[in-house]
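First the structure, in the form of structure tokens, and then the observations on it.
The values are calculated or read from the model by the stated rules, or taken from the named source; none is laboratory data. Note that the structure is predicted; figures quoted are calculated from it, not measured. FYI the Cβ positions are ideal-geometry reconstructions off the backbone, even for glycines, and counts take in every protein chain you see.
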Amino acid sequence: MEPQRSPLLEVKGNVELKRPLAKAASRLPLSGRRLKRGPDQMEEALEPEKKRTRGLGTRVSMTHPRAAALSSAPQTQGQTTVPKALRKPAPRCSTAVAPVLKTQKPGPVVPAQKPGTTAAPPMVGGKKPKRPAWDLKGQLCDLNAELKCCREKKQVLDQENQQLRDQLQEAQQQALALGAERRSLEEELTRVRAQAEQGQRELGNLSARVLELEERLGTQEGLVQELQKEQLRLQEERTGLAARLGEQERRLQTSEASLSDSQEEVASLRQEAAAREAVLAEREDRLHGLEMERRRLHNQLQELKGNIRVFCRVRPVLPGESTPSPGFLQFPSGPCGPSDPPTRLSLSRSDERRGTLSGAPAGPTRHDFSFDRVFPPGSGQDEVFEEISMLVQSALDGYPVCIFAYGQTGSGKTFTMEGGPGGDPQMEGLIPRALRHLFSVAQELSGQGWTYSFVASYVEIYNETVRDLLATGTRKGQGGECEIRRAGPGSEELTVTNARYVPVSCEREVEALLHLARQNRAVARTAQNERSSRSHSVFQLQISGEHAGRGLQCAAPLSLVDLAGSERLDPGLALGPGERERLRETQAINSSLSTLGLVIMALSNKESHVPYRNSKLTYLLQNSLGGSAKMLMFVNISPLEENVSESLNSLRFASKVNQCVIGTAQANKK
Ligand code: ADP
Ligand code: MG
């Protein structure tokens with residue numbers, strides 16, 4: 001792009017043109033020395049100057065008006081400086097000087113024509129004739145005339161000189177003024193140049209900026225086009241959306257209409273729900289009342305059945321065992337015939353030592369026993385459990401429940417409590433069945449606002465030492481010493497130190513615990529032969545129930561005890577070291593079993609002192625026996641004739657227990 005010519009540049013041009021003028025001023029002669037030349041020289045000097053000045057005159061007059069006055073000044077030193085105006089001879093002596101200036105030298109002196117003198121010779125050929133030598137007067141007259149003329153000429157020249165001096169002074173002043181002006185103009189020029197350079201730079205910057213802006217403009221234009229396209233697209237989209245919005249609004253209106261219908265419906269439903277809630281609350285109250293009534297009646301029923309009950313269970317003859325003679329064991333029907341559950345058992349025993357008076361062997365002696373229930377060999381585990389499920393239910397209602405299995409080794413105590421081998425569900429014993437029943441009833445009761453928690457422990461008491469059957473890790477099978485202690489100062493609750501108390505909530509967890517207990521027993525068995533049958537196994541479940549809504553709580557232990565074999569030592573056996581050990585074991589067992597009998601008796605007789613502390617077993621179970629507890633004893637007997645003696649012992653012990661009546665049970669309600 002061609003930059004526009006700035007006015008500043010024009011000024012610069014003008015200034016350049018003026019420069020020769022300033023120089024011209026400086027070339028003015030400073031002294032009037034040369035003006036003293038003769039008139040001829042003056043003329044000679046003036047002529048070329050005149051020509052030159054004329055040539056310059058036109059040029060100078062175009063540039064500066066003031067320079068016109070100086071245009072006639074000589075251009076170089078040495079040239080005569082005679083202004084044009086001065087070249088005109090002064091009017092006064094013009095006539096006298098002119099011929100002198102035009103002639104190179106003065107003509108011959110003509111003697112003055114006065115009387116007595118010769119007149120001036122006449123002009124010959126335009127030239128003054130030469131006076132004769134004798135005409136001294138005429139010559140003198142000529143010389144005087146010439147002198148006078150010279151004096152006049154000098155005077156004129158002096159005047160001219162004075163004028164020139166004045167002019168020179170004026171010119172010098174002008175030169176000074178012009179110099180100042182020139183300097184100011186130069187300064188201005190510098191400034192203007194600087195401005196011009198600045199302008200150039202700015203112009204350059206502006207050009208770059210313009211380029212940049214053009215570039216940006218291009219980009220912006222591209223953007224604008226894109227935006228226009230986007231705008232178009234958005235407009236289309238907007239149109240689509242507006243259509244959809246319209247559709248949605250229509251739908252919304254429909255929905256609002258249906259919403260208001262629904263709201264009305266909801267309001268009526270809420271009213272209905274409130275009414276139902278009121279009914280429900282009333283029913284809940286009634287249900288709770290009924291539940292409490294059920295518990296009361298249930299307990300009454302249990303009490304009517306007896307707070308201590310004894311069931312007799314006869315195991316079947318196992319494969320490989322000799323079948324007993326017919327009539328050895330009999331199960332007479334109840335008063336209502338065979339449909340009645342059996343409660344009686346007869347055992348016939350032939351005593352060879354006794355004889356009749358005639359000397360013939362006496363017939364078998366029949367021993368009749370009556371219990372709360374008798375389970376003949378064919379009775380299944382489910383049948384047995386059905387009888388005790390009501391009792392287990394009492395534990396949930398807050399009554400301590402204790403179930404024992406009593407009998408000689410091999411009579412089926414472990415089978416009854418834990419179940420048969422092989423994990424057959426039909427063979428499951430009382431412990432898994434009782435827990436399953438508890439979990440399911442607790443689940444049902446949760447609908448009525450009850451929440452239950454269960455904590456299990458499993459210990460065995462061997463030779464009056466307590467061992468944890470749920471021990472794991474390094475303590476597993478080691479039989480680490482456990483002690484029975486009160487849970488806290490003044491607390492009725494008992495706890496076994498070093499024993500695990502495991503919260504359980506489902507069957508699987510209980511199965512795992514029973515499995516662990518079996519393993520622990522198996523480990524111990526290697527160390528102590530048949531120890532399991534020589535020890536009491538106590539499975540305890542702490543049941544805690546809470547009805548948060550009504551601020552009710554209940555807690556009771558359910559104890560399931562597989563007692564040690566009740567058999568006595570054969571007194572005829574030789575007392576070797578093993579037998580002596582066995583004797584000690586048996587004495588311990590017998591002692592604890594008889595203590596159990598004594599405790600039950602003491603409770604039955606409401607004696608002031610109940611000897612709980614006489615054995616670890618009764619001490620541990622003291623909260624599950626006594627006044628508020630419900631107790632059930634299974635007496636397990638063998639169907640074999642060879643075990644008749646032990647069976648009789650067991651049945652007699654159980655009968656004694658069965659005669660006991662323990663005071664009215666109180667639920668542990670808070
Ligand atoms: P205990 O624990 O009194 O020593 P067990 O429970 O170990 O006796 O029983 C001894 C054997 O008799 C076991 O093999 C067991 O399976 C079996 N048994 C016990 N009672 C029954 C029963 N009611 N039905 C089937 N088998 C039984
Ligand atoms: Mg056993």
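Numerical summary
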item: Filtered residues of segment 209-256 (kept if within 42 Å of the chain's Cα centre (by Cα), exposed (fewer than 12 other Cβ atoms within 10 Å of the Cβ) and of a type in the set (A, V, I, L, M)); result: 232, 242, 243
item: From 410, 420, 429, residue being in contact with a Ser or Thr (Cβ under 8 Å, 6 or more places away or on another chain), within 16 Å of ligand 2 (Cβ to nearest atom) and without any contact (Cβ under 8 Å) to a residue 60 or more places away in the chain; result: 429
item: Segment 296-326: number of residues that are crowded, with 16+ Cβ neighbours inside 10 Å, part of a loop (DSSP other than H, G, I, E, B) and within 16 Å of ligand 2 (Cβ to nearest atom); result: 1
item: Selection within segment 614-642 - closer than 29 Å to residue 299 by Cβ and in a helix (DSSP H, G or I); result: 617, 618, 619, 620
item: Close pairs from segment 617-644: first surrounded by 24 or more Cβ atoms within 10 Å (Cβ to Cβ), partner outside any helix (DSSP H, G or I) and among the charged types (D, E, K, R), Cβ under 6 Å, at least 6 apart; result: 632/309; 634/313; 636/313
item: Filter result (in a loop (DSSP other than H, G, I, E, B), within 10 Å of ligand 1 (Cβ to nearest atom) and out of contact with any Asp or Glu (no Cβ under 7 Å at 6 or more places or on another chain)) within segment 419-436; result: 420, 421, 422
item: Every residue from segment 645-660 that is over 30 Å from residue 319 (Cβ atoms) and either of a type outside the set (Gly, Ala, Ser) or without any contact (Cβ under 8 Å) to a residue 24 or more places away in the chain (or both); result: 656, 657, 658, 659, 660
item: Boolean, residue 500 is surrounded by 15 or more Cβ atoms within 10 Å (Cβ to Cβ), within 47 Å of the chain's Cα centre (by Cα), among the charged types (D, E, K, R) and not in a helix (DSSP H, G or I); result: yes
item: For residue 369: the one exception among (1) crowded, with 16+ Cβ neighbours inside 10 Å; (2) under 25 Å from residue 557 (Cα atoms); result: (2)
item: Checking residue 444 against (1) more than 16 Å from ligand 1 (Cβ to nearest atom); (2) charged (D, E, K, R); (3) touching a residue at least 40 places away in the same chain (Cβ under 8 Å), the condition it does not meet; result: (3)
item: Residue list for segment 643-670, restricted to those being assigned to a loop (DSSP other than H, G, I, E, B) and at pLDDT 90 or above; result: none
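The rows are residues; the columns are (1) among the acidic types (Asp, Glu); (2) modelled with pLDDT under 90; (3) at negative phi.
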{"position": "184", "(1), (2), (3)": "no, yes, yes"}
{"position": "218", "(1), (2), (3)": "no, no, yes"}
{"position": "230", "(1), (2), (3)": "yes, no, yes"}
{"position": "236", "(1), (2), (3)": "yes, no, yes"}
{"position": "247", "(1), (2), (3)": "yes, no, yes"}
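A quick yes/no check of all residues on (1) surrounded by 21 or more Cβ atoms within 10 Å (Cβ to Cβ); (2) of a type in the set (S, T, N, Q); (3) at pLDDT below 90; (4) in a helix (DSSP H, G or I):
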{"site": "537", "(1), (2), (3), (4)": "yes, yes, no, no"}
{"site": "542", "(1), (2), (3), (4)": "no, yes, no, no"}
{"site": "559", "(1), (2), (3), (4)": "yes, yes, no, no"}
{"site": "575", "(1), (2), (3), (4)": "no, no, yes, no"}
{"site": "586", "(1), (2), (3), (4)": "no, yes, yes, yes"}
{"site": "595", "(1), (2), (3), (4)": "no, yes, no, yes"}
{"site": "598", "(1), (2), (3), (4)": "no, no, no, yes"}
{"site": "609", "(1), (2), (3), (4)": "no, no, no, no"}
